[in-house]
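Notes to accompany the following structure.
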Amino acid sequence: MSTNIYRLGTANMYDNALRNLGTRQTNLSNLQENLTSGKRVVRASDDPVSAAQAERAITRLSRIQTEQRALETQRNAIAQAESSLGDAVALVQNFRELVVQAGDGSLSTNDRNTIANQLQGLREQLLEVANRKDTNGLPLLGALGSALAPFLGPQSTAPDYSFDGLPGQAASNGTAIPGMLDGHAAFMFDPQRDGVYTAGVSAIPSSRFLNTTAIKPVDPSLVTGDNYTITFSAVGPGATPGTTTATYTLTNTTTGAVSAPVVVPDFPSDKPVTISVTGVPGLTFDIKGNPDNGDTITLQPSASLFSTLDKAIQGIRSAPNSSTAAQAVGQALGNMDIGLERLHNMRGYAGELLNRADRITGDQEKRSIQLEGDRSRAEDLDMIKGISDFQNQQVGYEAALKSYAQVQKLSLFNFIS
């Protein structure tokens, strides 16, 4: 009976020894796998909580990488749009220089025609720049949504330039900037915002002189966008000998409203007069020269910077004399300055968007570093501790093998003896 108990104890010890060896071998294999991968948590079963934290950090890192790729695409588009606006500014400035040259009173009609041809080429280039596309074929200056060519020239259905799209600027957020700029705000004029008007003078004989200054908006909120006509009448001797008096009437040709006649104070007959016109809502300008009965001055709003350039080209090309050319030049210069201001403002906004993209990139890099630290703390292995544990486990495993071999005496000669 005692012999049986001894045999049962021996078998149990044998099983325990084998189980201990298997456990030590498994632990040693796991530690070796951890050292090889450099991770404390190789699979979710190793530490479910840490595995979940690491997976969450990896997902957020992947999202940041996706957002950064989209941001780089947006940054490239805005950089191209800013460069296009720079090209537009250069073209308008070149146009302005030629317009100033066309105002030289010593030029002949052929000289002005030559300049007008040069101006026509610059205007065509400007329209091409405004419709420029990015590498994906989308307009760089397309506002909130537009056709592939947002800016349309005069057509039978639309006699002036138009913007084929929805004006407005898309907003930025914490991880992205717009992919295009508001071309409507850059090139198109709004009467209540810009108050851009062009004045035209009826045919004046070479014996007289009559023109206007550039029309200035004093209160754009009052500008109606209607067309106006100023007609002179009752031009004759003034109350004082050697003076002249005149009367003009302001007519809103869009609504048909006619203002009360305005009497111009007596002015010397042998000198040009300066008449300040303030009856147009939100606008002011001066009439200079020697008016006569039947002289008219027309006021028309400009729909866009392209319209201003076209009117300048037409006025310079069709001017019969230097006085008429000076009128076209003066109007063009005043309106082009407003257009250049719009271009500069939009270009400055593009620069701010690029700065914002840089700030977003910096913030994303900081978030990536933080998330990488969270992931590392959750699953990475402390190499020093890992090597120490592996060596300790290896020593224990070797000791267990030697002890098992020594105790069991697993030798045929020991069994025979």
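Quick notes
- Relative packing of 196-205, 120-129, which averages over residues the other C-beta atoms within 10 Å, highest first: 196-205, 120-129
- Taking the empirical scaling 2.2 N^0.38 Å for compact globular proteins as reference, segment 197-301 has a Cα radius of gyration ratio of 1.06.
- Added length on full extension, which subtracts the Cα-Cα distance from 0.36 nm per residue, L354 to T26: 112.5 nm
- Angle in degrees between helix 305-318 and the longest Cα principal axis of the chain, rounded to the nearest 10: 30
- For the residues T36, T247, T114, a GNM of the chain with alpha-carbon springs under 10 Å puts the largest fluctuation on T36.
- Reported to the nearest whole Å, the Cα centre-to-centre distance from segment 316-383 to segment 70-144 is 17.
- Based on Cα contacts under 8 Å between residues 6+ apart, segment 197-301 shows a relative contact order of 40 percent.
- Principal-axis analysis of the Cα atoms of the chain puts helix 48-102 at an angle of about 20° to the longest axis.
- Take 91-97, 303-309, 322-328 and order them by the average number of nearby Cβ atoms within 10 Å per residue, most first; the result is 303-309, 322-328, 91-97.
- Sequence-distant contacts, meaning Cα pairs under 8 Å at least 6 residues apart, place the relative contact order of the chain at 23 percent.
- Packing-based ranking of 335-344, 214-223, 17-26 yields 335-344, 214-223, 17-26, ordered from highest to lowest mean Cβ neighbour count within 10 Å.
- Given the alternatives [x] 55, 50, 48; [y] 63, 48, 39; [z] 156, 42, 37, Cα extents along the principal axes in Å as computed for this entry is given by [z].
- Taking 0.36 nm per residue of sequence separation and removing the Cα-Cα distance, the A171/D104 pair yields an extension gain of 19.5 nm.
- Between L181, A199, Q314, the Cα set farthest toward the positive side of the dipole of the chain (charges on each charged residue's Cβ, about the Cα centre) is that of L181.
- FRET efficiency, T254 to E67 (Cβ-Cβ, R0 56 Å, nearest 0.05): 0.65
- Linear extension gain, A400 paired with D226, 0.36 nm per residue minus alpha-carbon span: 52.5 nm
- About its Cα centre, the dipole of segment 62-182 is roughly 280 debye, where the only charges are +1 on Lys and Arg Cβ and -1 on Asp and Glu Cβ.
- The angle separating the long axis of helix 2-37 from the principal Cα axis of greatest extent in the chain is about 20 degrees.
- Here the spin labels are modelled as points 7 Å beyond Cα on the Cα-Cβ line, and at D46 and H344 they lie 6.2 nm apart.
- Assigned charges on the beta-carbon of Lys, Arg, Asp, Glu; the chain dipole about Cα centre (debye): 1780
- Those lysines that a straight Cα-Cα span of less than 17 Å connects to K39, excepting residues fewer than 8 apart in one chain: K385
- The charge dipole of segment 197-301, taken about its Cα centre with unit charges on the Cβ of Lys, Arg, Asp and Glu (plus for the first two, minus for the last two), comes to roughly 120 debye.
Computed from the coordinates by the stated procedures, all read-outs in this text should not be read as laboratory data. All of these numbers come straight from a predicted model, not from anything done at the bench. Don't worry about glycine lacking a Cβ; one is built from the backbone with ideal geometry, like all the others, and counts go over all protein chains shown.
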